[in-house]
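Written below as structure tokens is the structure these notes are about.
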Amino acid sequence: MEPIDSSGVGAIEGTGPGCGDSIRGVCSRRIAAIGGKAIALYADLDAPTFDAAALVKQIAKEFERSPDILIHSAAAPREWGPGWLTRFTEMTLEQFQRSVFTNVWGGWRMAQAVVPGMRSHGGGNIVMITSSAAAPPPVPTADVHATHMAFNGGGALYGGTKAFIDRVCT
């Protein structure tokens, strides 16, 4: 691993259970090892009223510098129905919007908010964590696809939002 530049500032979103929590843990330990400072801020990425620019300003005020790195690891929960993932035909607009706002729009807005500061520093990094669920089955067939959509709408929605992030970042 490269040494940490103690003058840098990073923002990690989505530090609940999963990848984000692991990333937060590693970063927190490395920051503590060099005597740096880390803070936790609450952000409701799936709220249409979430103000990414205000959050970035709060980070900049706390650290006297805007973030040099953004790690988007937030993910809405897969949508579950009774006993299984919500079927495609039973997916509600609320479930659909929660996944899109958290998995796609939240990271998009945060990236928009950190880019001006990164440009003023001469660069930065944006890391968007996705999922193997973004990849389609290796050899899709009509039967497999129909079954997947009928019985796995929640998983298809999750994978679809992660595939969107893959496409934007490549």
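The values are calculated or read from the model by the stated rules, or taken from the named source; none is laboratory data. Note that this is a predicted model, so its numbers are computed, not measured. Cβ: placed from backbone, ideal geometry, glycine included. Neighbour counts: every protein chain shown. Please note that ligands, DNA and RNA were not included when accessible areas were found on the heavy atoms of the full protein model with its side chains. Shrake-Rupley method; radii C 1.70, N 1.55, O 1.52, S 1.80 Å.
Scan segment 58-71 for residues that are of a type in the set (Val, Ile, Thr), open to solvent by less than 30 Å² (accessible area, probe 1.4 Å) and either under 16 Å from the mean Cα position of the chain (by Cα) or within 26 Å of Gln95 (Cβ to Cβ) (or both) and the total you get is 1. Looking only at residues of segment 11-42 that are farther than 15 Å from Gln58 by Cα and basic (Lys, Arg), we find that the one that is least open to solvent (accessible area, probe 1.4 Å) is Arg30.
With respect to Arg167, is the statement that it is in a helix (DSSP H, G or I) and modelled with pLDDT under 85 true? Considered against the rule, which asks whether it is in a helix (DSSP H, G or I) and modelled with pLDDT under 85, Arg167 comes out as yes. Within the set Leu55, Leu45, the sole residue that is in contact with a Leu (Cβ under 8 Å, 6 or more places away or on another chain), open to solvent by less than 30 Å² (accessible area, probe 1.4 Å) and not hydroxyl-bearing (Ser, Thr, Tyr) turns out to be Leu55. Counting only residues that are without any contact (Cβ under 8 Å) to a residue 12 or more places away in the chain and within 16 Å of the chain's Cα centre (by Cα), how many does segment 31-57 have? Number satisfying all stated conditions: 3. Restricting segment 131-164 to residues that are modelled with pLDDT of 70 or more and not in a helix (DSSP H, G or I), the residue that is farthest from Trp105 (Cα to Cα) is Ala135. Where helices (runs of 4 or more DSSP H) fall wholly inside segment 1-116, the ranges with 2 or more residues that are more than 25 Å from Ser131 (Cβ to Cβ) and at pLDDT below 85 are 19-33.
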